[in-house]
């Protein structure tokens with residue numbers, strides 16, 4: 001016999017409401033955003049070079065999570081693929097790539113992979129630091 005079945009009908013409805021609201025609560029990102037600075041880009045061959053790429057994630061009112069891939073690119077919708085606070089994983093499609101994945105670890109270190117749309121194009125990996133804003 002479950003705990004809910006031992007409660008009066010009104011109490012069961014209240015308990016279900018509490019459980020549903022806990023399950024549907026917005027993640028921590030709803031209260032904050034992430035600002036990331038990527039400083040190294042590496043090709044699959046292992047060749048790395050310094051870069052300066054700033055990416056931000058935040059909530060856009062009424063549209064959910066939004067990625068701001070670079071200062072000169074328009075914002076694009078993003079999807080969170082993580083369930084907990086860390087690591088946070090986001091997917092989005094910047095204009096110059098078929099897709100991008102960003103993983104932000106609890107200590108703020110971050111990895112972004114950009115997956116080009118063209119045939120035979122190599123995935124680039126970027127390393128950087130993110131902080132809550």
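Observations
- For segment 117-133, a residue qualifies if it is surrounded by 12 or more Cβ atoms within 10 Å (Cβ to Cβ) and out of contact with any strand residue (DSSP E or B) (no Cβ under 8 Å at 6 or more places or on another chain), and the qualifying residues are 121, 122.
- Test: residue in segment 62-80 that is within 22 Å of residue 128 (Cβ to Cβ), surrounded by fewer than 12 Cβ atoms within 10 Å (Cβ to Cβ) and either touching a helix residue (DSSP H, G or I) at 6+ places or on another chain (Cβ under 6 Å) or at pLDDT below 75 (or both): yes
The values are calculated or read from the model by the stated rules, or taken from the named source; none is laboratory data. Keep in mind that this is a model prediction, so the values were computed, not measured. We place every Cβ from the backbone using ideal geometry, glycine too, and count neighbours over all the protein chains shown.
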